[in-house]
Amino acid sequence: MRAGHRVLVEKGAGALAAYPDAQYEAAGAEIVSGIDLASIDILAHVTPLPAAAIARMRRGAVTIGLAGPYDDERVAALAAAGVTAMSFEKLPRTSRAQSMDVLSSQALAAGYRCVLEAAIRLPRFFPLAMTAAGTVPPAKVVVLGIGVAGLQAIATAKRLGATVAANDIRPDSAEEAHSVGATFIEVGLDAAEGTGSGGYAKSLGDDAAARQKAALAPHIAQADILITTASIPGRAAPRLVTHEMVAAMRPGSVAVDLAAPSGGNVEGSVPGKDVQIASAQGDGVVTIVGLASAASDLPTDASRLFAKNVENVLKLIVADGALNVDFADDIVEGMTITHDGVNRLVGPTAPPADAPAPASDEGKDA
Ligand code: NAI
């Protein structure tokens, strides 16, 4: 608005995140029902756009959000619509891009949330308590995957007073775990076995994955809480923990799987559900908590951070009140997955600009 633009907000868009329409209006935005997508120059969104919405966009319009770049059909639809789609999933992980990094801001919320989910279900204290009625030992937490969410999970568990051990397959991860107060579980991998491109991990081979499981099993069996956050961009989550490994935990233990929506790090996890399995250590159960959308369970702050990320992308592409999508900028170049009818992920051989849009799937994941 400071650059002279009209800003439309879908009626009720912020209601479940505790941002009432009146606050947007007080800030100068217009509240509308059923936005006419064909009239919009820049659309900020959260989850990937349904095909029917994409088909209604104006050619040359810009979209900014989690665009779903690993879904070929959706990217083809964005290209066919002539939309300039900027995808947060493809944001370069550079220092300059940090203020636009939705994956980080949402992983921060998710990593914090998953510890609270565990703490509330655990029939024990987190911190050491030395009282006249006896001593309560601190809870033992194991965190697998030490990216943004894992680091936040470690920091949160430490703040609550637990002892934390962690593992990841990226070579830098041991130092990162130590920096937030966790011990690192060595599983004896060569650096090349876990290092992919762009600072991300890659899928482990069968032999390395088996060695990792064997090394992790005794640590998991002794833990009160297991938190798993491992993922590989664009692929199913790596299966790090088998049924036997999680069943080996004590009765009352809790395993929280942040990766449940993308296939699950823990065998048997179901997104949005608690699943109880018999503990092999005696009468009682281990609870496997499959989180469905952990950041969305903290919508007020997750939205605040997401909005700031979007604002910082807008500042890149709007100059003097006019749209200026400049591919000389490495962030714009990295994020833009379709432009002018071209699927930039596969190059100019992508579907032609006049290709028909795929059948409607509106509402599928809105
Ligand atoms: P992510 O969400 O893609 O994955 C989470 C973690 O799972 C990663 O640390 C990954 O190494 C780990 N993982 C994957 N397969 C595994 C396996 N088989 N066993 C154990 N762990 C496994 O990661 P996220 O949080 O997006 O971070 C990815 C990288 O980007 C990290 O190196 C992080 O430090 C870096 N980063 C850089 C930023 C910047 O410089 N602007 C901002 C945020 C992250």
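All of the numbers you see were taken from the coordinates with simple rules; none came from a lab. Note that this is a predicted model, so its numbers are computed, not measured. All Cβ positions, even for glycine, are placed from backbone atoms using ideal geometry, and neighbour counts span all protein chains on display.
A few remarks follow.
- Size estimate for region 158-225 follows the Kirkwood approach: the inverse of mean 1/r over distinct Cα pairs works out to 12.9 Å.
- Taking only Cα atoms of the chain, radius of gyration then Dmax in Å: 22.6, 77
- Relative contact order, whole percent, for the chain stands at 20, derived from Cα pairs under 8 Å and 6 or more residues apart.
- Oblate is the label for region 1-124, because a/c, from the alpha-carbon gyration tensor with a ≥ b ≥ c as root eigenvalues, is 1.5 or above and a/b does not exceed b/c.
- Surface/4 estimate of mean projected area, convex hull on alpha-carbon atoms of region 59-206, nm²: 12.3 nm²
- With Cα atoms, 0 to 90° folded angle of helix 102-121 axis to the chain main axis: 30 degrees
- Solvent-free Debye scattering, log10 I(q)/I(0), computed from the Cα coordinates of region 122-189 at q = 0.24 Å⁻¹: -0.94
- Structural size metrics of region 253-294, computed from C-alpha coordinates, are Rg and Dmax of 10.3, 32 Å.
- Between region 5-73 and region 315-349, the C-alpha centres lie 19 angstrom from each other.
- Counting only alpha carbon atoms, the long axis of helix 148-159 and the longest principal axis of the chain meet at about 40°.
- Residues VAL143, VAL285, sorted so that the one with the fewest Cβ neighbours within 10 Å comes first: VAL285, VAL143
- Across region 221-349, Cα-Cα distances exceeding 27 Å account for 45% of all pairs.
- Entries in LYS140/LYS202; LYS202/LYS273; LYS11/LYS308; LYS90/LYS158; LYS202/LYS308 that, when Cα-Cα distance is taken, lie over 24 Å: LYS140/LYS202; LYS202/LYS273; LYS90/LYS158; LYS202/LYS308
- Distance histogram in 5 Å bins (all Cα pairs of region 151-302, percent per bin): 2, 9, 17, 22, 23, 17, 8, 2, 0, 0
- For the chain, a Gaussian network of Cα nodes joined below 10 Å ranks GLY198, GLY65, GLY252 by mean-square fluctuation, and the top entry is GLY198.
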